[in-house]
Every structure is written in structure tokens, then in C-alpha cells.
């Protein structure tokens with residue numbers, strides 16, 4: 001059905017070594033890249049790493065530690081990467097800005113990007129063109145000016161929620177008698193295969209575990225954290241519970257449910273004012289990009305702030321502010337062995353680092369590396385990695401901290417498992433300053449996605465299944 005690029009990670013290939021064995025026995029034509037497969041443990045083909053270069057594909061197999069690597073040259077197509085962006089959340093426009101940068105920096109000699117746009121109504125389409133590159137403010141403003149449009153004929157996309165040779169179904173809908181269509185006027189369905197999904201959908205219905213769950217059902221590699229970490233990374237209230245269990249320092253806070261607030265506004269506001277110290281920050285638990293957040297300096301402004309936050313989520317986090325404070329950030333790359341970047345510090349042009357300061361106002365400044373003592377730097381990096389592991393994150397994250405100016409007290413604020421990829425993204429800036437430019441960062445993220453997926457294919461799904469060859473060779 002339609003043009004297909006044989007997938008490297010289909011579940012039906014799992015017992016033959018996943019990506020490695022599949023590509024080993026296939027030979028493709030077309031644009032060439034290079035994938036180096038390295039045996040890192042005793043069992044052959046236990047792990048993989050995508051190390052792209054222009055030219056031929058090199059496979060390194062070490063069936064036995066005493067033998068020399070065997071090198072085989074072959075040609076394969078570029079990895080087809082589905083970049084998913086847009087979405088139903090209030091962060092739709094931020095997603096467009098992030099996706100524009102990703103499309104602009106994916107190496108066309110190594111990847112074949114496919115633009116998959118999720119509209120504000122939740123419909124998936126094959127986009128005619130990816131978002132144009134510009135400043136984050138320009139991209140966001142352009143997205144806001146766009147009028148909502150219905151799904152164009154022939155552009156529908158549906159993820160196949162089970163393992164198979166096709167990742168997506170595309171549906172072309174035409175009126176009867178249109179040129180180039182069947183004469184019945186029925187929808188024409190084609191399969192489209194992807195090697196990796198790169199989700200750039202911020203906020204609910206994208207980075208909260210819902211999209212990740214769909215991709216798990218499809219058994220397709222995807223960039224970033226899995227279902228659990230994505231869900232926890234979105235829910236600030238649950239995240240704080242895990243940080244507390246891990247012994248990581250966080251500010252004092254309370255969680256208010258929207259139903260409780262509506263039923264007892266006065267009592268709830270009185271309790272919060274009594275138990276917490278002003279100034280306070282009031283936040284929707286499940287949202288990002290500082291949407292719906294207010295800084296409250298006294299009891300009189302608290303009800304309006306909770307009303308605003310409750311418009312965006314049923315769960316509201318009310319927490320003590322660290323005042324005065326410095327905002328310190330650290331970027332993380334990796335799966336089981338995460339690495340920390342140089343640290344960055346944000347100096348905001350506004351009362352706090354809100355949506356406008358992040359994306360629309362260019363007066364906020366960043367300093368990389370952050371001017372901290374060696375001991376402070378080491379502590380922040382160590383805590384960032386610990387927080388990443390606390391929520392079982394994978395691939396990438398940005399970890400945010402609050403550092404008291406007067407007492408140097410350090411508090412963990414949150415882990416963002418789906419940091420922005422805009423032209424002013426701190427995640428990208430910190431890695432660039434650490435010696436990993438944007439295109440190489442994308443290479444690493446794709447490699448980490450395939451690495452994690454390949455590792456998962458070794459997991460037995462039934463006690464009745466025979467052990468795979470790698471397990472048997474370890475015994």
C-alpha cells in the first residue's frame with residue numbers, strides 16, 4: 001500500500017535482533033546515509049547507535065569478544081522521521097515555533113522529514129509544508145492569525161495502533177469523478193511508514209503521556225520520555241511527590257482541586273493564606289510555557305489567580321515563591337546514562353518568566369554558563385541528573401531550579417521532559433554552549449530514541465515465549 005520504507009524496528013522482527021538484524025538482511029536503494037551498529041556487550045547486536053555520515057552504511061558485528069569486527073557495506077535510505085507538531089492544547093502556537101526549528105536543522109542527507117500537523121481540533125494531517133523558520137514571536141503570532149481550517153481532502157493521517165509494516169494510514173477523500181481518483185468517489189487509503197517519530201507537541205494531548213501511549217501501541221521509536229515520565233513531567237503536583245520521596249529539595253506548596261475551589265472558595269483561600277507564606281505562585285498542574293500562572297503578593301489577589309489557573313486544569317498548585325531568587329537551568333541528554341550540559345541563568349524582563357517573557361519579549365537575557373561557584377555548579381548538575389532519574393525520564397529534559405539570592409538555598413522547581421526547541425530555547429542554547437550544536441543535538445535525540453526502542457524489544461511479553469538469543473547467550 002503506497003510507498004513504504006521498510007521499518008527497522010517492527011515487532012515481527014523482534015526475535016531476530018530488532019533494528020540490527022532487520023537492516024542487516026535488507027538492502028535498499030536511494031539517498032544514502034550511514035548507520036554504525038556497535039556491539040557493546042557480549043551478545044551480538046545487543047545495542048545500537050545511529051552514527052550518521054554521508055556515504056555507505058557500515059555495520060559492525062562482534063559475535064564473540066575474541067573475534068575482530070566484521071564490516072559490511074550496503075546502501076540504505078535516509079531515516080524517515082515523522083515530526084508531529086501542533087496539537088489541541090493552549091501551547092499549539094509554541095509547538096509551531098519549535099517544529100520550525102527542527103525542520104530547518106534536520107540534515108536532509110541523513111533524514112527524510114515528514115510533516116505531521118495536529119490541528120487545534122485534534123485532527124492529524126500531512127502538512128503541505130512545515131512551519132516557516134522565523135523568530136519564536138513571529139511564528140507564534142502567525143499561528144494565532146491563522147483561521148481554523150477543516151481537514152483538506154486527501155490529507156488525513158491516522159496512526160496504526162498496532163505493530164506492523166506501516167506506521168500511518170493516509171486517507172484521500174475525493175468527490176466522484178475527480179481526475180486521478182477512483183470512479184466511485186470512495187476514500188483511497190495508503191500506508192506510510194516511518195522509522196522514528198519526533199513529537200514536538202507541547203502541553204496536554206502531546207507531552208503528557210497520551211501521544212506516547214499511542215506510539216507505544218504502534219511500536220514505533222519516538223524521541224523523548226515514555227508514558228510514565230511524560231505524564232509525571234506534565235503533572236507538577238505528582239512530580240513534587242516523587243521529588244519529595246527522593247529527598248530532593250522543593251518549595252512548600254499546596255494542591256487545590258477545581259471542584260474543591262468551586263465548592264468552598266472562602267475556606268480554601270483562608271487555609272492557603274494561613275499555611276503558606278506570600279508571595280505565592282499559582283499554577284495549573286498540567287500545563288507548560290507559563291500559561292495560566294500568576295504571582296500573588298497578598299490574600300486579596302489569590303482568588304483571581306486560582307480562577308485563572310482553574311481555567312486550564314482541574315488541579316492547581318499553589319507554592320511559595322523564592323524571593324529574591326535566581327533562575328538556573330540545566331539540559332539533560334541520555335537514557336540510562338544521562339549527561340548534564342553547562343548551566344544557564346535567566347534574567348527576565350518581567351515580574352517573572354511568563355509566556356510573554358519566554359516567547360514574545362526579547363528583553364529577557366540568558367547567561368551561559370551561569371555565574372556560579374564550582375560547588376554550586378556541581379550540585380545543580382548532580383541534582384538535575386537525580387531529578388531526571390526520579391521520574392524515569394529518557395532522551396532529553398530541561399531541569400529548572402530556584403536559587404535564593406540572600407541565602408543560596410537551592411530548590412528544584414520542575415523537570416520539563418519536552419522542552420521548547422524554538423530559536424531562543426534554553427535547552428538548545430545550553431547544549432550549543434556545551435559543544436553540541438543544534439543539528440548534532442537532533443542526531444543524538446534520534447539515536448537515543450532508537451536505542452531505547454531497541455532495548456525494549458528485548459523484553460519478553462509472555463512467560464510462555466522462549467527466551468531470545470541474547471538472553472540465552474548470557475546464561
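Annotation for the range 268-340 versus the range 377-430: alpha-carbon center distance of 16 Å.
Applying 1/(1 + (r/R0)^6) with R0 = 30 Å to the Cβ-Cβ distance of residue 162 and residue 77 gives a FRET efficiency near 0.80. Annotation for residue 433 and residue 254: the two label points, set 7 Å from Cα along the Cα-Cβ direction, are 3.8 nm apart. At an R0 of 22 angstrom, the distance between the Cβ atoms of residue 275 and residue 405 translates into a FRET efficiency of 0.35.
Please give the FRET efficiency for residue 290 paired with residue 108, using the beta carbon to beta carbon distance and R0 = 30 Å, rounded to the nearest 0.05.
Working: r = 34 Å, r/R0 = 1.14.
Result of the calculation: an efficiency of 0.30.
Fully extending the segment from residue 188 to residue 128, taken as 0.36 nm per residue of separation minus the present Cα-Cα distance, adds 19.8 nm. Only alpha carbons enter this Debye calculation for the range 253-320, each as an equal point scatterer, and the log10 of I(q)/I(0) it gives at q = 0.14, 0.26 Å⁻¹ is -0.32, -1.19.
Which residues in the range 288-325 have a backbone N closer than 15 Å to a point placed 7 Å from the Cα of residue 265 along the Cα-to-Cβ line? Once the point is set 7 Å along Cα→Cβ of residue 265, 300-311 turn out to lie under 15 Å by backbone N, inside the range 288-325. Normalise the Debye intensity by I(0) for the range 291-347, one equal point scatterer per Cα, no solvent, then take log10 at q = 0.24 Å⁻¹ and round to two decimals. With no solvent term, the Cα-only Debye profile gives -0.94. Between residue 379 and residue 461, the contour length at 0.36 nm per residue exceeds the Cα-Cα span by 25.5 nm. Averaging Cα coordinates gives a centre for the range 92-128 and one for the range 232-249; these two points are 31 Å apart. In the range 377-475, the convex hull through the Cα atoms has an average projected area of 9.6 nm², a quarter of its surface area.
Every number in this text was worked out from the coordinates using simple rules, so none of it is lab data. Quick caveat, the model's predicted, so the values are computed rather than measured. Every residue, glycine among them, receives a Cβ derived from its backbone with ideal geometry; neighbour counts consider all protein chains shown.
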